[in-house]
1. Among the numbered criteria (1) modelled with pLDDT under 90; (2) under 17 Å from Ser4 (Cα atoms), which single criterion is violated by Phe51?
2. Taking the condition under 16 Å from the mean Cα position of the chain (by Cα), assigned to a helix (DSSP H, G or I) and not hydroxyl-bearing (Ser, Thr, Tyr), does Ile49 pass?
3. Taking region 14-35 only, how many residues are out of contact with any helix residue (DSSP H, G or I) (no Cβ under 9 Å at 6 or more places or on another chain) and free of Cβ contacts under 8 Å to residues at least 60 places away in the same chain?
4. When you scan region 55-88, how many residues do you find that are assigned to a helix (DSSP H, G or I), at pLDDT below 85 and open to solvent by 100 Å² or more (accessible area, probe 1.4 Å)?
5. Can we say Ser91 is of a type in the set (Ser, Thr, Tyr), surrounded by 10 or more Cβ atoms within 10 Å (Cβ to Cβ), out of contact with any Asp or Glu (no Cβ under 6 Å at 6 or more places or on another chain) and at pLDDT 90 or above?
6. Quick one: in region 1-14, which of the residues that are at pLDDT 85 or above and open to solvent by 60 Å² or more (accessible area, probe 1.4 Å) is farthest from Tyr60 (Cα to Cα)?
7. Of everything in region 94-112, what is modelled with pLDDT of 85 or more and either open to solvent by less than 100 Å² (accessible area, probe 1.4 Å) or among the aliphatic types (A, V, I, L, M) (or both)? Give them in sequence order.
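The values are calculated or read from the model by the stated rules, or taken from the named source; none is laboratory data. What you see is a predicted model, and the numbers here were worked out from it, not measured in a lab. Cβ placement follows ideal geometry from the backbone for every residue including glycine, while neighbour counts extend to all protein chains displayed. Heads up: the accessible areas ignore ligands, DNA and RNA and are worked out on the full protein's heavy atoms, side chains in. Shrake-Rupley method; radii C 1.70, N 1.55, O 1.52, S 1.80 Å.
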Amino acid sequence: KSHSVVTYLTGTFLLLGVIFYYYFEILLSSKILFIKREISFYISFITLIYFLTTTPIFIYYKYFTTKSPEFVELSSIVLIAMNIFMYSFYSIVFLRLANKKKIYPKNLKNAL
């Protein structure tokens, strides 16, 4: 009944690497002009915030379970708040942007 810190850290680093690679690809392409219409940008942003917030909790969780009940209470509050924040943000983004059509100009030179 414990969390594997190595597995969680490996998954977090892989996910963060993929997200940063996605941001780098956006910066190199013309998608940066239409970033407000990209659902994947918002999903990657909130996922980045979630994993940067919860990873330290999972790293130190096994050290403070019996010694510090305050840490257990604080970590449970943070995890619940981040889950509510993440899933409500996902819902808002899907409701606002899922049905909108992506309108990209065929020639970016004419758009500027």
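1. With (1) modelled with pLDDT under 90; (2) under 17 Å from Ser4 (Cα atoms) applied to Phe51, the lone miss is (1).
2. The answer is yes for Ile49.
3. Count: 7.
4. 3
5. Values: of a type in the set (Ser, Thr, Tyr): yes; surrounded by 10 or more Cβ atoms within 10 Å (Cβ to Cβ): yes; out of contact with any Asp or Glu (no Cβ under 6 Å at 6 or more places or on another chain): yes; at pLDDT 90 or above: yes.
Taking the combined requirement at face value, the residue satisfies it.
6. So, considering only residues that are at pLDDT 85 or above and open to solvent by 60 Å² or more (accessible area, probe 1.4 Å), the one farthest from Tyr60 (Cα to Cα) is Leu14.
7. The one that is modelled with pLDDT of 85 or more and either open to solvent by less than 100 Å² (accessible area, probe 1.4 Å) or among the aliphatic types (A, V, I, L, M) (or both): Leu95.
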